[in-house]
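The values are calculated or read from the model by the stated rules, or taken from the named source; none is laboratory data. Owing to the predicted nature of the structure, the values given are computational and were not obtained by experimental measurement. Positions of Cβ are generated from backbone atoms using ideal geometry, with glycine treated the same way; all protein chains shown enter the neighbour counts.
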Amino acid sequence: MQFTATCAPGLEEALRDELVALGLHKVEAGRQAVRFDGVLADGYRACLWSRIASRVLLHLATAYANSAKTLYAEVRRIDWSEHLGPTQTLAVEFVGGNDAIRNSRFGALKVKDAIVDRLRDAHEGERPSIDVNEPDVRVHVYLKHNRAQVSLDLSGDPLHLRGHHRDGGPAPLRENLAAGLLRYARWHELGPQGCPLVDPMCGSGTFLMEAADVLRDRAPGLSRERWGFTGWLGHEASTWQSLIDEARERDTPTAKVQVFGFDQDRTQIRRAHQNLARAGLSNDVSLQTRELADFEAPEGREVVPRGLLVTNPPYGERLGEEDEVVQLHGLLGDVLRRRCTGWTGWVLAGSPQLAKRIGLKPKRKIEVRNGALEARFCEIPIRDQAVARDT
Ligand SMILES: C[S@@+](CC[C@H](N)C(=O)[O-])C[C@H]1O[C@@H](n2cnc3c(N)ncnc32)[C@H](O)[C@@H]1O
């Protein structure tokens, strides 16, 4: 079977790395997508364990589509009775286009007609109905030039929804963006070695929750009840159940708190507390209302990096005023230089100008999209001669 995990722009390398670490095969990064091969259990594993993917798609067919008519005919040739029954519900998601099919709604309609007509013929007039919110089967079509990739969406709801309610507050990061950035910061290696992680402007706590989940080795999908395959005729319930059993066994509360969050705004800290409680992570993370100017790094390791400071300061577009935000980036630079020696800072800056205002030369800048913003995730190692000599 061939699978495609989709992701936000800039996260392809992080996702590829994550899928390789999950033991998946023939993992290849593309644009906003990473492909892999395997059996159904591998697709299920990616659904349950990928923190970075947006969706996991199971490839069904490549349809030739130089016109709406050929798209319809090719999709109709697929044996849909293997996937859904005539009384079930269906949704079609259509992405991309070509000269003949420019409008994705029109494309989706043609695909839906082809599936429904094929099933109606096979079942004496009975046909599946459309449910865009909670369908039994979600078909995904990606059209480029004259080729349409027809897939089954195994994820259902997008995978950034972790299954517990989260109050994001005014400017939250998406869970899978936060997770991808943490992977670039190599938290999955440093965390288990005892490295602390601090977000001094934690807001609703997205970095903290993702970081704590990684330390616990808790599958991000463990609390989700519904998946894209739940109502699919090809679903292998026992395969899924054994993955769930394994994930439950692996989930281990952290022995010592290594994840710390601060924010100047009491309301944000309260929000983060509630989010952590709903996610069952209250004992894995320490939170405090604190100004960045009063920042003190928690005790670090004896090796470099002593700790990670990972943060997403306000951009000025959504929160705060521009001047304030510029000054805040300067303050962040001072805090890193003076109070985080031996640590590595990872700052998601909303623009190249703001990244410069930190006043420290990044070792690496990774371009990612944060909603509509072209953001940069800057790696800023802070030298510590004394510590560096010990390693
Ligand atoms: C873009 S939001 C962070 C969002 C967070 N990553 C999330 O996912 O919810 C920036 C946060 O910085 C906080 N902040 C702004 N200025 C601060 C300061 N001087 N000291 C501490 N926190 C500050 C704001 O209260 C806000 O919660």
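Couple of notes before you dig in:
- Tabulated pairs, the range 190-218, first closer than 21 Å to Ser50 by Cβ, second near the ligand (Cβ under 7 Å from one of its atoms) and in a loop (DSSP other than H, G, I, E, B), C-beta under 6 angstrom, 6+ apart or interchain: Thr206/Pro172; Thr206/Leu173; Leu208/Cys202
- Of the residues making up the range 157-172, none is in contact with a strand residue (DSSP E or B) (Cβ under 9 Å, 6 or more places away or on another chain) and farther than 24 Å from Phe229 by Cβ.
- Among the residues making up the range 296-326, those that are within 12 Å of the ligand (Cβ to nearest atom) and without any contact (Cβ under 8 Å) to a residue 12 or more places away in the chain are Gly320, Glu321, Glu324.
- Subset of the range 23-35 (residues that are within 17 Å of Thr239 (Cβ to Cβ) and buried (at least 21 other Cβ atoms within 10 Å of the Cβ)): Leu24
- With respect to (1) aliphatic (A, V, I, L, M); (2) touching a Cys at 6+ places or on another chain (Cβ under 7 Å); (3) away from the ligand (no atom under 16 Å from the Cβ), the lone exception for Val139 is condition (2).
- Selection within the range 271-295 - within 13 Å of the ligand (Cβ to nearest atom) and in contact with a Lys or Arg (Cβ under 8 Å, 6 or more places away or on another chain): Asn275, Thr289, Phe295
- Just one of (1) at negative phi; (2) exposed (fewer than 14 other Cβ atoms within 10 Å of the Cβ); (3) out of contact with any helix residue (DSSP H, G or I) (no Cβ under 9 Å at 6 or more places or on another chain); (4) of a type outside the set (S, T, N, Q) fails for Arg120. It is (2).
- Qualifying residues in the range 206-224 (those that are away from the ligand (no atom under 16 Å from the Cβ) and more than 20 Å from Phe262 (Cα to Cα)) - the one surrounded by the fewest Cβ atoms within 10 Å (Cβ to Cβ): Ser223
- Whichever residue in the range 225-239 is in contact (Cβ under 8 Å) with a residue 12 or more places away in the chain and surrounded by fewer than 19 Cβ atoms within 10 Å (Cβ to Cβ) and, among such residues, is farthest from the ligand (Cβ to nearest atom): Leu233
- Flag if Leu332 is assigned by TED's automatic domain parsing to the domain that holds Glu210 and away from the ligand (no atom under 14 Å from the Cβ): no
- Leading residue by the ranking (farthest from the ligand (Cβ to nearest atom)) among those in the range 172-190 that are surrounded by fewer than 23 Cβ atoms within 10 Å (Cβ to Cβ) and closer than 20 Å to Glu299 by Cα: Glu189
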